[in-house]
Amino acid sequence: MGGVEVAFLEAIAAVVPAALVYFSGWAYLSSYVGVFGIDATQLEIGVPTVLVYAFRPLQSWTLIIFAVIVMATAAIVYKFGVRNQLFWWSYIVGIPVVALFVISYAAKNSANELAENVWRGHKIQAFANVTSSGPTADEYKLCQHDLRMHQIIGLPNRLFLLCRSAQTPCDRGVMYVVNDDGRIVYTANEIRRDVNGRQICYN
């Protein structure tokens, strides 16, 4: 194997794992906030935050089984004496591509689990004070007083919060976006679209 090939393999070994970890975090975050109708591309999310969120999907059984299959396949093929460079180059290049789809699948499943925890009321309760006034602020404060307010995600410059409905808390609510200065800058009615939405509180 020539020096150029070795250098290329070293570059792949250095870049691909970091890229896959970052993709895992971004896929997880975008899937999670997407459940609540939030466009992740409009959020100011730093690299450290993305990396922190990457580990949940990376720990999924789907990804672990995929990694075991990849390593076992490589070991078996090598043991049977396959030394064809074209095969191994295709394998090395192809695995990260397939990994993207596997990671995306695992991230979406993990994100749905976290979103379900919000709807169940299992995620952290939010007690952010607001400086806004008017009917929207009054409804916000009532929700907070009734302990129905839960954090969707907290970013350095704003909070995304879900006020679960008093009547049907598992499938209806109101999302509030609160700036770091305490102003409510956005609200949206949230309705779970999946058929079993109302049942999750009783499972």
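Within the stretch 138-164, restricting attention to residues that are closer than 15 Å to Glu116 by Cα and out of contact with any Lys or Arg (no Cβ under 7 Å at 6 or more places or on another chain), which residue is surrounded by the most Cβ atoms within 10 Å (Cβ to Cβ)?
Leu161
Looking at (1) touching a strand residue (DSSP E or B) at 6+ places or on another chain (Cβ under 8 Å); (2) more than 30 Å from Cys163 (Cβ to Cβ); (3) aliphatic (A, V, I, L, M), which is the only condition Ala19 fails?
Among (1) touching a strand residue (DSSP E or B) at 6+ places or on another chain (Cβ under 8 Å); (2) more than 30 Å from Cys163 (Cβ to Cβ); (3) aliphatic (A, V, I, L, M), Ala19 violates only (1).
If you check Ser24 against the conditions, is it modelled with pLDDT of 90 or more and touching a Lys or Arg at 6+ places or on another chain (Cβ under 8 Å)?
On the way: modelled with pLDDT of 90 or more: yes; touching a Lys or Arg at 6+ places or on another chain (Cβ under 8 Å): no.
No, not satisfied.
Collect the residues in the stretch 32-47 that are in a loop (DSSP other than H, G, I, E, B) and out of contact with any Asp or Glu (no Cβ under 8 Å at 6 or more places or on another chain), keeping them in residue-number order. Even if it seems obvious, please write down each step before you answer.
Pass one, the stretch 32-47, residues in a loop (DSSP other than H, G, I, E, B): 36-39, 43-46.
Residues satisfying the conditions are Ile38, Asp39, Leu43, Glu44, Ile45, Gly46.
Quick check on my filter: what residues within the stretch 88-132 are aliphatic (A, V, I, L, M), closer than 30 Å to Thr73 by Cα and open to solvent by 50 Å² or more (accessible area, probe 1.4 Å)? Step through it out loud before you land on a result.
Of the residues in the stretch 88-132, the ones aliphatic (A, V, I, L, M) are 92-93, 95, 97-100, 102-103, 106-107, 111, 114-115, 118, 124, 126, 128, 130.
This time we only want the ones that are closer than 30 Å to Thr73 by Cα, so: 92-93, 95, 97-100, 102-103, 106-107, 111.
Hits for the stretch 88-132 are Ile92, Val93, Val97, Val98, Leu100.
Return the total of residues in the stretch 174-195 being open to solvent by less than 10 Å² (accessible area, probe 1.4 Å) and either of a type in the set (Lys, Arg) or at negative phi (or both).
Quick first cut of the stretch 174-195, residues open to solvent by less than 10 Å² (accessible area, probe 1.4 Å) only: 175-178, 182.
After this cut, where a residue has to be either of a type in the set (Lys, Arg) or at negative phi (or both) as well, the list is 175-178.
The qualifying residues number 4.
The values are calculated or read from the model by the stated rules, or taken from the named source; none is laboratory data. All values reported here derive from a predicted model rather than from experimental measurement. Cβ coordinates were reconstructed from backbone atoms using ideal geometry, including for glycine residues, and neighbour counts include every protein chain displayed. These accessible areas exclude ligands, DNA and RNA; they are computed on the full protein's heavy atoms, side chains included. Shrake-Rupley method; radii C 1.70, N 1.55, O 1.52, S 1.80 Å.
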